[in-house]
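Contents: one structure, followed by commentary.
FYI, it's all coordinate maths here, none of it is from the lab. Predicted model only: the values in this text are computed from it and were never measured. Positions of Cβ are generated from backbone atoms using ideal geometry, with glycine treated the same way; all protein chains shown enter the neighbour counts.
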Amino acid sequence: MAAIAVHQLAQSITCHAWSPDHSMVAVCPNNNEVHIYRLLQDKWEKMHVLQKHDQIVSGVDWSARSNRIVTASHDRNSYVWNLEGSEWVPTLVILRLNRAALCVQWSPKENKFAVGSGAKTVCVCYYEQENNWWVSKLIRKRHDSSVTSVAWHPNNILLATASTDGKCRVFSTFIKGVDPKDSRTGPSSDSKFGEQIVQLDLSFSWSFGVKWSPSGNTLAYVGHNSMIYFVDDVGPSPLAQNVAFRDLPLRDVIFVSERLVIGVGFDCNPMVFGADERGIWSFLRFLERKRTSSGPKYGSQFSEAFGKLYGQSKHGVGNDGIEPSRSRGGVHENFINCVVPLRESGKSTATRFSTSGMDGKVVIWDLENQTDLSDYL
Amino acid sequence: MAGTGEFVEADNAEAIITRIEHKSRKIESLLKQYKPVEALKTALEGSPPNTRDERCKSANWIVVHRAIMAIKDVDGMFSSLDPEYYDILMKYLYRGLSTGDRPTCDQCLRIHEKLTERAGLGCILRSLADTVNTV
């Protein structure tokens with residue numbers, strides 16, 4: 001069994017993040033709060049409630065070394081939370097946005113974080129010691145629509161974004177006084193803040209879930225048209241691969257290793273993609289093998305798909321009759337919108353990861369015993 | 001990708017129409033030889049999704065429609081139709097369904113059923129989500 005633990009923490013979860021030692025998890029139960037749970041004797045106990053936002057929290061990230069939490073919300077603001085004693089103390093970050101913030105991510109060195117927003121902009125925020133204040137710098141011009149996902153390159157400078165205009169872009173986020181001068185290498189060697197390194201024009205519909213591979217050599221993102229895109233040699237002449245698959249679209253991805261990618265989304269079951277020796281990516285299989293073959297009754301699959309698209313939860317009343325077909329006997333009973341690697345410090349591969357979705361579950365998966373995938377790790 | 005788009009835009013509509021007429025004659029002769037699947041492949045090949053010219057799209061639809069309606073054995077067709085044609089065929093099936101013409105819709109639904117079994121819901125999503133390369 002690939003799923004090693006299932007935790008029902010809320011009715012519905014918009015995003016989650018783990019503490020540095022993976023003993024605590026911060027989840028947003030689809031409202032303006034973030035709940036922090038700790039596992040005590042096989043039971044999850046609610047330790048803290050972070051309550052400062054006015055609207056739904058759309059993104060949360062917990063930094064691995066500095067133990068800080070950053071949240072982004074539809075109320076157009078971000079907070080950086082520091083643990084002081086036993087209390088989480090918020091610091092407001094004014095993003096200067098006029099639309100909702102949609103996603104947030106700490107940079108690898110944790111001296112910056114990036115926020116994607118519905119205002120067609122990306123904010124890169126950094127701490128100013130002398131003013132004791134987080135400053136937000138905006139990348140305004142390039143995006144033609146909402147920025148749904150951001151991902152930091154391991155070099156702490158390059159930032160990839162996915163947007164509902166269908167494009168994936170890579171920017172330099174070099175900030176004078178924050179980043180050391182010699183940190184600019186490769187294609188970004190003399191680029192200023194906000195300079196676009198490359199624009200990838202592969203998808204004709206919304207794109208989501210952009211991620212870099214552990215080395216930063218490969219970029220992956222998904223389109224809302226049941227496609228996943230892999231890009232090597234990100235720079236002036238990128239090499240792109242489009243992989244179409246036969247099931248519902250993905251929403252987010254992670255790299256487990258350089259050659260193995262997990263995608264989660266509307267099919268409620270994580271998908272595994274792998275690259276062969278020549279670097280050709282393909283769909284390998286679903287992570288859970290319990291799927292019954294979809295015979296001639298795809299009619300029910302349709303209603304199932306629409307149910308999922310409208311985010312009907314399993315708890316809906318009166319449709320018990322179609323429940324078994326909807327959940328398909330899988331661990332997740334509704335669409336998965338968040339996947340987080342559980343990376344042990346010092347390791348580049350993450351065989352463990354967690355997913356959360358509209359069914360309110362946080363599921364931990366382990367690829368250790370998946371013998372057919374061990375070649376890709 | 002952008003490169004091919006510019007190429008087709010530069011290519012004038014007349015040339016595309018001429019190509020489609022040529023294709024149409026080839027399809028007629030294939031149908032006479034009882035090769036409906038070959039005819040369908042020919043019809044789907046080189047369809048002009050990148051152009052915005054409605055005349056080209058309509059002309060190609062007439063050709064594809066002719067080939068679709070000639071398919072009698074749907075299962076047999078899929079055993080010799082390569083997966084690379086699935087996405088473009090799905091787009092034309094939806095164009096067929098949008099006509100509202102009874103025999104066309106009947107035929108399109110029959111093929112749609114089998115195509116969904118083979119190509120999955122992802123194929124439907126790709127044809128619905130793509131608002132740029134319409135047929």
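Just rank B:Asp101, A:Asp75, B:Asp87, fewest to most, by other beta-carbon atoms within 10 angstrom.
In order of increasing Cβ crowding within 10 Å: B:Asp101, A:Asp75, B:Asp87.
Using a ≥ b ≥ c from the Cα gyration tensor of the range A:9-298 (square roots of the eigenvalues), is it rounded, prolate or oblate, where a/c under 1.5 gives rounded and otherwise the larger of a/b and b/c decides, a/b for prolate?
oblate
Obtain the nm distance between the two label points defined at A:Arg140 and A:Met47 by a simple spin-label model: each point lies 7 Å from its Cα along the Cα-to-C-beta direction.
4.1 nm
Could you list A:Ser78, A:Ser86 in order of exposure, starting from the residue whose Cβ has the fewest other Cβ atoms within 10 Å?
With the fewest neighbours first, A:Ser78, A:Ser86 line up as A:Ser86, A:Ser78.
Assuming R0 = 25 Å, what is the FRET efficiency of A:Lys347 and A:Leu39, from their Cβ-Cβ distance, to the nearest 0.05?
0.70
Can you list residues whose amide H is under 5 Å from A:Ser58's amide H, if they're 5+ apart or on another chain and H is modeled 1.01 Å from N?
A:Ala72, A:Ser73, A:His74
Name the residues whose placed amide hydrogens come within less than 5 Å of the amide hydrogen of A:Cys338, ignoring near sequence neighbours (fewer than 5 apart) on the same chain.
A:Ser356
Would you mind checking which residues have amide H under 5 Å from A:Leu83's amide H? H placed 1.01 Å from N; only 5 or more apart, or other chain.
Placed amide hydrogens put A:Val89 under 5 Å from A:Leu83.
With respect to the cross-link table entries A:Lys52/A:Lys347; A:Lys141/B:Lys91; A:Lys52/A:Lys109; A:Lys141/B:Lys57; B:Lys35/B:Lys114; A:Lys176/A:Lys211, which display a Cα-Cα separation exceeding 30 Å?
The answer is A:Lys52/A:Lys347; A:Lys141/B:Lys91; A:Lys141/B:Lys57.
First check a/c for the range A:87-205, with a ≥ b ≥ c the square roots of the eigenvalues of its C-alpha gyration tensor; if it is under 1.5, answer rounded, and if not, answer prolate when a/b is larger than b/c or oblate otherwise.
oblate
Hey, rough spin-label estimate for A:Glu128 and B:Asp53, points 7 angstrom out along Cα→Cβ, what's it come to in nanometres?
For the pair A:Glu128/B:Asp53, the computed spacing is 5.7 nm.
Tell me, A:Met227, B:Met69 in order of fewest to most beta-carbon neighbours within 10 Å?
Fewest to most other Cβ atoms nearby, the residues stand as B:Met69, A:Met227.
May I ask you to list the residues of the range A:109-138 whose amide nitrogen lies under 19 Å from a point 7 Å from Cα along the Cα→beta-carbon direction of A:Lys176?
From the range A:109-138, the list is A:124-131, A:135-138.
Just to check I understand the Karplus step: with θ = phi - 60° and J = 6.51 cos²θ - 1.76 cosθ + 1.60, what whole-Hz values come out for the range A:105-118, glycine and proline as x?
Ordered by residue, 3J(HN,Hα) equals 8, 6, 6, x, 7, 6, 9, 9, 9, 10, 10, x, 9, x Hz.
Only four residue types carry charge here, +1 at the Cβ of Lys and Arg and -1 at the Cβ of Asp and Glu. Report the dipole size of the range A:9-298 about the Cα centre in Debye, rounded to the nearest 20.
Magnitude of the dipole: close to 460 debye.
Add -39500 (n - 2.57) for each DSSP H run of 4 or more in the protein assembly as shown, then divide by its residues: what number comes out at 222 nm, to the nearest 500 deg cm²/dmol?
So the calculated ellipticity at 222 nm is -7500 deg cm²/dmol.
Which whole-Hz couplings ³J(HN,Hα) result when phi for each residue of the range A:94-99 is put into the Karplus expression 6.51 cos²θ - 1.76 cosθ + 1.60, θ = phi - 60°, listed in order with x for Gly and Pro?
These are the phi-based 3J(HN,Hα) values: 7, 7, 6, 10, 10, 9 Hz.
Using a Förster radius of 60 Å, what is the FRET efficiency between A:Ser237 and B:Leu31 based on their Cβ-Cβ separation? Nearest 0.05, please.
For R0 = 60 Å, the calculated efficiency reads 0.85.
What's the magnitude of the charge dipole for the range A:1-123 around its Cα centre, counting Lys and Arg as +1 and Asp and Glu as -1 at the beta-carbon? Answer in Debye, nearest 20.
440 debye
Answer with one residue from A:Asn67, A:Phe174, A:Ala244: the one whose Cα lies farthest towards the positive end of the charge dipole of the protein assembly as shown, charges on Cβ with Lys, Arg +1 and Asp, Glu -1.
About the Cα centre, the residue reaching furthest to the positive side is A:Ala244.
For every other residue with a beta carbon closer than 15 angstrom to the beta carbon of B:Asp101, add +1 if it is Lys or Arg and -1 if Asp or Glu, then tell me the sum.
With Lys, Arg at +1 and Asp, Glu at -1, the neighbours total +3.
Would you give the gap between the C-alpha center of the range A:86-163 and the C-alpha center of the range A:338-377, rounded to a whole Å?
26 Å
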